[in-house]
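Colleague: Mind having a look at this structure? Questions to follow.
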Amino acid sequence: MDRRQFSKTLAAAGAASALSPFGILRAQSQRLKVGVILPRSGVQGFIGQSCQKGADLAPGVIREMLGVDIELMNADWESNVDTARTRAERLIQEGAHVLVGPFDSGAATAIAQVAEQRGVPFVINIAAAPPITEQGYKFVFRNFQTAGDIVRNGLALIGDLFRATNTVPRTAVFMHVNDTFGQAMARGIGAILPTQTQLPFKIVETISYDPAAKDLTVEIGKAKATNADFLLLVCRLNDAILLRREMVKQRWYPMGVISPGSPGMYEEQFFKALGKHSEHCISNVPWYNPNAELTKVVEKAFLKQNPKDKLVFHGLNAGFTFEAILIAADSYKRARSTEPKTLAEAIRQTNITSKMMLGGPIKFNAKGQVEGIGSACLQNLNLVPTVVLPQAAATAKPVFPMPRA
């Protein structure tokens, strides 16, 4: 074999090695390093651990789907925004090609600044504050509803709930956490509720509180004194448990407890901590489509990794975390590169139609925001978060007013 023949043979071997067994050109032989930043400890620890379950199953499922090898680089931001910033810096220094996380608007804002400064793509799994994608960032992308979208969808589902149960509540007391997310939701409700003339109720009192509060006796006493027909609640997990316990203690029995779109009341720990007192609480939130093909694949992988658990207790957290990593992997495969600008441009061109969360395809607008993500009305029935609206996706009928536990 002369030198020219050797060169041709070597080139042919290289081309063949780049093909998968199915003849599909692989993106690269190197792994995509995904820095996953979640609050696995602190006041949001249970939610962060729930999100982590979606991250942990992603590499195996995505390898089967796309032929992309993923290395997870996990970081705990400890429910502290300043820690989120330093963890993002460290992951980038250690070679993360893309960041995913963090289930919190304040932390997302801090990480977005780091990602933009360092020129590393950041795919937000869950965080709703609108300003995050209003800064003109080129490396920040969000596959989650903004607070305005959550409120708009959540209020529409409240109207559907009242019509489905033939009820006409006239008054509500609005309680919300005072963190970045809670304040964004409060602004959204203040702006959008007055335009929803089909809704029969008005807010008679607004009460904010610290999500890290250890005692909500005063706040619940004040809410009870309004004699409002129902509680409109924007919460987190730990405070939702504390709040519900205090309602029982003070024997406050409104028609219902309804979240227009926040975590907490559909989380597994909420059921474990409260038992029968978790029943009939309602959360209008982005959720997964139980009939989607990808949902069935993810659910199977979830049960294999967590044989004593159920995907339904982690639907929003695990689902959007999985999809964030899927976005990164899909983009990497198309870009065939981990070069930050090339990868960011590939993310910008995303069009994923085979997804698990409700709504249209995953496509980013010019601001890096996915539009058209759907919501469902979840009610806690028989200690399980159950879709009761919209009817097309429902597996049970809504119960309102809520019976006394």
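The values are calculated or read from the model by the stated rules, or taken from the named source; none is laboratory data. Bear in mind that the values here come from a model prediction, so they are computed numbers and not experimental data. All Cβ positions, even for glycine, are placed from backbone atoms using ideal geometry, and neighbour counts span all protein chains on display.
Colleague: Need a quick list: strands (runs of 3 or more DSSP E) entirely within segment 68-164 having at least 3 residues that are in contact with a Leu (Cβ under 8 Å, 6 or more places away or on another chain).
Modeller: On the way: elements: 70-76, 98-101, 122-124, 140-142.
It comes to 70-76, 98-101.
Colleague: Take the conditions surrounded by fewer than 23 Cβ atoms within 10 Å (Cβ to Cβ) and either charged (D, E, K, R) or farther than 20 Å from Ala112 by Cβ (or both) and apply them to Lys367. Does it pass? First the steps, then the outcome.
Modeller: Working: surrounded by fewer than 23 Cβ atoms within 10 Å (Cβ to Cβ): yes; either charged (D, E, K, R) or farther than 20 Å from Ala112 by Cβ (or both): yes.
Yes, satisfied.
Colleague: Among the residues of segment 335-346, is there at least one that is without any contact (Cβ under 8 Å) to a residue 60 or more places away in the chain, surrounded by fewer than 18 Cβ atoms within 10 Å (Cβ to Cβ), of a type in the set (Ser, Thr, Tyr) and assigned by TED's automatic domain parsing to the domain that holds Ala115? So that I can check it myself, show each step before the final result.
Modeller: First pass over segment 335-346, keeping only residues without any contact (Cβ under 8 Å) to a residue 60 or more places away in the chain: 339, 342, 345-346.
If we keep only those that are surrounded by fewer than 18 Cβ atoms within 10 Å (Cβ to Cβ) too, we end up with 339, 342, 345.
Narrowing the set further to residues that are of a type in the set (Ser, Thr, Tyr) leaves 342.
If we keep only those that are assigned by TED's automatic domain parsing to the domain that holds Ala115 as well, we get 342.
Within segment 335-346, one or more residues are without any contact (Cβ under 8 Å) to a residue 60 or more places away in the chain, surrounded by fewer than 18 Cβ atoms within 10 Å (Cβ to Cβ), of a type in the set (Ser, Thr, Tyr) and assigned by TED's automatic domain parsing to the domain that holds Ala115.
Colleague: Sort out which residues of segment 46-64 are farther than 25 Å from Gln93 by Cα and in contact with a Pro (Cβ under 8 Å, 6 or more places away or on another chain), and write them in order of number.
Modeller: Correct list: Ile47 only.
Colleague: Now a separate question. Against the definition (over 16 Å from the mean Cα position of the chain (by Cα), crowded, with 23+ Cβ neighbours inside 10 Å and under 30 Å from Gly256 (Cα atoms)), how does Leu389 come out, yes or no? I'd like the intermediate steps shown before the answer.
Modeller: Numbers: over 16 Å from the mean Cα position of the chain (by Cα): yes; crowded, with 23+ Cβ neighbours inside 10 Å: yes; under 30 Å from Gly256 (Cα atoms): yes.
Answer is yes for this residue.
Colleague: Please pick out the residue among Lys333, Lys367 that is of a type in the set (D, E, K, R), assigned to a helix (DSSP H, G or I) and modelled with pLDDT of 95 or more. Break it down stepwise before answering.
Modeller: Details: Lys367 fails: assigned to a helix (DSSP H, G or I).
The conditions single out Lys333.
Colleague: Moving to a separate point now. Among Gly264, Gly221, Gly256, which is without any contact (Cβ under 8 Å) to a residue 60 or more places away in the chain and either in the same structural domain as Val312 (by TED's automatic domain parsing) or under 27 Å from the mean Cα position of the chain (by Cα) (or both)? Before the answer, list the steps.
Modeller: Working: Gly221 fails: either in the same structural domain as Val312 (by TED's automatic domain parsing) or under 27 Å from the mean Cα position of the chain (by Cα) (or both); Gly256 fails: without any contact (Cβ under 8 Å) to a residue 60 or more places away in the chain.
Within the list Gly264, Gly221, Gly256, the selection yields Gly264.
Colleague: Can I ask one more? Give just the number: which of (1) in contact (Cβ under 8 Å) with a residue 12 or more places away in the chain; (2) not in a loop (DSSP other than H, G, I, E, B) does Ala396 not satisfy?
Modeller: Unmet condition: (2).
Colleague: What about Ile327, is it outside any helix (DSSP H, G or I), hydrophobic (A, V, I, L, M, F, W, C) and crowded, with 24+ Cβ neighbours inside 10 Å?
Modeller: Numbers: outside any helix (DSSP H, G or I): no; hydrophobic (A, V, I, L, M, F, W, C): yes; crowded, with 24+ Cβ neighbours inside 10 Å: yes.
Spelling it out, it is not the case that Ile327 is outside any helix (DSSP H, G or I), hydrophobic (A, V, I, L, M, F, W, C) and crowded, with 24+ Cβ neighbours inside 10 Å.
Colleague: Could you tell me whether Arg251 is on the phi > 0 side of the Ramachandran plot and at pLDDT 95 or above?
Modeller: Working: on the phi > 0 side of the Ramachandran plot: yes; at pLDDT 95 or above: yes.
So Arg251 fits the description; yes.
Every residue, every condition in (1) out of contact with any strand residue (DSSP E or B) (no Cβ under 6 Å at 6 or more places or on another chain); (2) buried (at least 17 other Cβ atoms within 10 Å of the Cβ); (3) outside the structural domain of Ala212 (by TED's automatic domain parsing); (4) not polar (S, T, N, Q), yes or no:
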position: Thr86; (1), (2), (3), (4): yes, no, yes, no
position: Asp104; (1), (2), (3), (4): yes, yes, yes, yes
position: Ala128; (1), (2), (3), (4): yes, yes, yes, yes
position: Arg152; (1), (2), (3), (4): yes, yes, no, yes
position: Leu157; (1), (2), (3), (4): no, yes, no, yes
position: Gly182; (1), (2), (3), (4): no, yes, no, yes
position: Ala186; (1), (2), (3), (4): no, yes, no, yes
position: Ala191; (1), (2), (3), (4): yes, no, no, yes
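Colleague: Can you confirm whether Leu216 is surrounded by 15 or more Cβ atoms within 10 Å (Cβ to Cβ), touching a Phe, Trp or Tyr at 6+ places or on another chain (Cβ under 7 Å) and at pLDDT 95 or above? Before the answer, list the steps.
Modeller: Working: surrounded by 15 or more Cβ atoms within 10 Å (Cβ to Cβ): yes; touching a Phe, Trp or Tyr at 6+ places or on another chain (Cβ under 7 Å): yes; at pLDDT 95 or above: yes.
Here the answer is yes, as Leu216 does meet what is asked.
Colleague: Using the structure shown, decide if Ala147 is over 26 Å from Ala318 (Cβ atoms) and either within 16 Å of the chain's Cα centre (by Cα) or crowded, with 24+ Cβ neighbours inside 10 Å (or both). Give the derivation first.
Modeller: On the way: over 26 Å from Ala318 (Cβ atoms): no; either within 16 Å of the chain's Cα centre (by Cα) or crowded, with 24+ Cβ neighbours inside 10 Å (or both): yes.
Spelling it out, it is not the case that Ala147 is over 26 Å from Ala318 (Cβ atoms) and either within 16 Å of the chain's Cα centre (by Cα) or crowded, with 24+ Cβ neighbours inside 10 Å (or both).
Colleague: Would you confirm whether or not segment 303-323 contains a residue that is among the β-branched types (Val, Ile, Thr) and under 18 Å from Asn351 (Cα atoms)? Give the derivation first.
Modeller: In the first step, residues of segment 303-323 are kept if they are among the β-branched types (Val, Ile, Thr); the result is 312, 321.
Right, trim to under 18 Å from Asn351 (Cα atoms) and you get 321.
Checking segment 303-323: at least one residue is among the β-branched types (Val, Ile, Thr) and under 18 Å from Asn351 (Cα atoms).
Colleague: Further question: Any idea how many residues of segment 272-288 are surrounded by fewer than 20 Cβ atoms within 10 Å (Cβ to Cβ), in contact (Cβ under 8 Å) with a residue 40 or more places away in the chain and either among the aliphatic types (A, V, I, L, M) or in contact with a strand residue (DSSP E or B) (Cβ under 8 Å, 6 or more places away or on another chain) (or both)?
Modeller: Start the filter on segment 272-288 by keeping residues that are surrounded by fewer than 20 Cβ atoms within 10 Å (Cβ to Cβ), which leaves 272-273, 275-277, 279-280.
Checking which are in contact (Cβ under 8 Å) with a residue 40 or more places away in the chain leaves us with 275-277, 279-280.
Filter once more, keeping what is either among the aliphatic types (A, V, I, L, M) or in contact with a strand residue (DSSP E or B) (Cβ under 8 Å, 6 or more places away or on another chain) (or both): 279-280.
So the count comes out to 2.
Colleague: Is it the case that Phe174 is at pLDDT 95 or above, of a type in the set (Phe, Trp, Tyr) and either closer than 18 Å to Thr146 by Cα or part of a helix (DSSP H, G or I) (or both)? Give the steps one after another, and end with the answer.
Modeller: Working: at pLDDT 95 or above: yes; of a type in the set (Phe, Trp, Tyr): yes; either closer than 18 Å to Thr146 by Cα or part of a helix (DSSP H, G or I) (or both): no.
So Phe174 does not fit the description; no.
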